[in-house]
Amino acid sequence: MINNRAKVERERSIVSRFTTEDARETLYTCPNNCRARLVLLFVTNANGTTILDIEWYRASVDTHYHILGGKNLVTGEFIQFSDSYLVLEPGDKLEITPSGANNPDISAFCTVEETFVPVG
């Protein structure tokens, strides 16, 4: 029997601002029936000095892991992850938490290569 259900692949870039102090917010969530390869993560600070946490939430074990923890960023400073990659499974998330600033203004974007696996 021939399987006519092919994998579907797409590339996506997601961008968001994080302006609430001490609030963990999601930049990207890997969709159901998908595996995503994170090839770029770029985060920049547009206001004052902000302490930044970037976490990888692994849905399969319901645990947060620090990719970057407690990094001080001054205005205009940025962090770029592009020399390696992460493979995210369904429900995994990339989350950003700015703290230590009265008015944080963090911009972040990521680029992922998503591969959807058909069900059935």
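Some observations on this one:
- Cross-chain or 6+ apart pairs with Cβ under 7 Å, the range 66-94 first and under 14 Å from V39 (Cα atoms), then assigned to a loop (DSSP other than H, G, I, E, B): L88/C30
- Inside the range 65-107, residues that are assigned to a loop (DSSP other than H, G, I, E, B), in contact with a Phe, Trp or Tyr (Cβ under 7 Å, 6 or more places away or on another chain) and either modelled with pLDDT under 95 or surrounded by fewer than 16 Cβ atoms within 10 Å (Cβ to Cβ) (or both) make up a count of 1.
- Hey, T115 assigned to a strand (DSSP E or B), closer than 15 Å to L27 by Cα, of a type in the set (S, T, Y) and modelled with pLDDT of 95 or more or not: no
One line per residue, one yes/no per condition, for (1) within 11 Å of P98 (Cβ to Cβ); (2) under 10 Å from the mean Cα position of the chain (by Cα); (3) of a type in the set (D, E):
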{"residue": "R24", "(1), (2), (3)": "yes, no, no"}
{"residue": "L27", "(1), (2), (3)": "no, yes, no"}
{"residue": "C30", "(1), (2), (3)": "no, yes, no"}
{"residue": "C34", "(1), (2), (3)": "no, no, no"}
{"residue": "N45", "(1), (2), (3)": "yes, no, no"}
{"residue": "G48", "(1), (2), (3)": "yes, no, no"}
{"residue": "E55", "(1), (2), (3)": "no, yes, yes"}
{"residue": "R58", "(1), (2), (3)": "no, no, no"}
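- Within the option set A46, A59, A36, being modelled with pLDDT under 95, surrounded by 12 or more Cβ atoms within 10 Å (Cβ to Cβ) and of a type in the set (A, V, I, L, M) holds for one residue only, A46.
- Within the range 40-64, if we keep just the residues that are assigned to a strand (DSSP E or B), out of contact with any Leu (no Cβ under 6 Å at 6 or more places or on another chain) and polar (S, T, N, Q), the residue that is farthest from S16 (Cα to Cα) turns out to be T63.
- Single condition R17 does not satisfy, out of (1) modelled with pLDDT under 95; (2) assigned to a strand (DSSP E or B); (3) not polar (S, T, N, Q): (1)
The values are calculated or read from the model by the stated rules, or taken from the named source; none is laboratory data. In this text, all values refer to a predicted model and were calculated from it rather than measured experimentally. Please note: Cβ atoms are built from the backbone with ideal geometry, for glycine as well, and neighbour counts cover all protein chains shown.
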